[in-house]
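**Student:** Pasting a structure here, questions to come.
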Amino acid sequence: MVQWTAEERAAIQGVFATLDYESVGRESLARCLVVYPWTQRYFGGFGNLYNAEAIMANPNVAAHGTVVLRGLEKALKNMDDIKNTYTTLSELHSEKLQVDPGNFQLLADCLTVVVAKHMRTEFTPDIQAAWQKFLSVVISALRRQYH
Ligand code: HEM
């Protein structure tokens, strides 16, 4: 089981406390779709993803960005059992959506870039270390139901 120090827990809570789910969710997902355009293939039903401008303005991208952050909040609320918390979500991405599991890291990296942009100097190396660990646990839990 993953062990968390009190400092790591406080750091991760602190990052979430600064996050505006709507803007950070949208920016992160949009960045992922622009920087790694092959990720667009899973969002065929989302409408216009023609270029960066269209992606940023796409209401489906915005809505789904918020959904992703709410999904991450579940991990925050269940930090001692992230693996089991994500069983259904992992199955969904693996079996139904057939998302290549390498893409989880790409979206997580985009999220980190956006968090850094928003927190600026508050996103210290120590805070980033805790945040990175949290995202690694999330990614490994999301990959768990892939066979
Ligand atoms: C940090 C990683 C991720 C988290 C926390 C996450 C979370 C979620 C959540 C909570 C849902 C909604 C599930 C439901 O409706 O029950 C979802 C759906 C979905 N996810 Fe992810 N996801 C992640 C990464 C990805 C990646 C990397 C991709 C593809 C590149 C992806 C593609 C999708 C798609 C296509 C849907 C369905 C969207 C729709 O049609 O509304 N996800 N995800």
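**Student:** Tell me the helices (runs of 4 or more DSSP H) entirely within the range 1-84 that contain at least 1 residues that are open to solvent by 70 Å² or more (accessible area, probe 1.4 Å) and of a type in the set (D, E).
**Tutor:** Hits in the range 1-84: 6-18, 21-35, 52-57.
**Student:** Taking the range 124-147, which residues are open to solvent by 40 Å² or more (accessible area, probe 1.4 Å), more than 15 Å from the chain's Cα centre (by Cα) and not hydrophobic (A, V, I, L, M, F, W, C)?
**Tutor:** Hits for the range 124-147 are T124, P125, D126, R144, Y146, H147.
**Student:** Let me ask you something else. Counting only residues that are within 16 Å of the ligand (Cβ to nearest atom) and in contact (Cβ under 8 Å) with a residue 24 or more places away in the chain, which one in the range 110-123 is most open to solvent (accessible area, probe 1.4 Å)?
**Tutor:** So, considering only residues that are within 16 Å of the ligand (Cβ to nearest atom) and in contact (Cβ under 8 Å) with a residue 24 or more places away in the chain, the one most open to solvent (accessible area, probe 1.4 Å) is V113.
**Student:** Still on this structure, I have one more. Name the single residue that is farthest from D20 (Cα to Cα) among those in the range 124-147 being in a loop (DSSP other than H, G, I, E, B) and away from the ligand (no atom under 14 Å from the Cβ).
**Tutor:** Within the range 124-147, the match that is farthest from D20 (Cα to Cα) is H147.
**Student:** Would you pick out the residues in the range 85-108 that are among the hydroxyl-bearing types (S, T, Y), part of a helix (DSSP H, G or I) and under 21 Å from L19 (Cβ atoms)?
**Tutor:** T85
**Student:** To continue, here is another question. Does the range 84-97 contain at least one residue that is closer than 15 Å to L69 by Cα, more than 12 Å from the ligand (Cβ to nearest atom), among the hydrophobic types (A, V, I, L, M, F, W, C) and touching a residue at least 40 places away in the same chain (Cβ under 8 Å)?
**Tutor:** So far as the range 84-97 goes, no, none of its residues is closer than 15 Å to L69 by Cα, more than 12 Å from the ligand (Cβ to nearest atom), among the hydrophobic types (A, V, I, L, M, F, W, C) and touching a residue at least 40 places away in the same chain (Cβ under 8 Å).
The values are calculated or read from the model by the stated rules, or taken from the named source; none is laboratory data. Because the structure is a prediction, the values reported are computed rather than measured. Every residue, glycine as well, gets a Cβ built from its backbone with ideal geometry; the counts of neighbours run over all protein chains shown. To get the accessible areas, we keep the full protein, side chains included, count just its heavy atoms, and leave off ligands, DNA and RNA. Shrake-Rupley method; radii C 1.70, N 1.55, O 1.52, S 1.80 Å.
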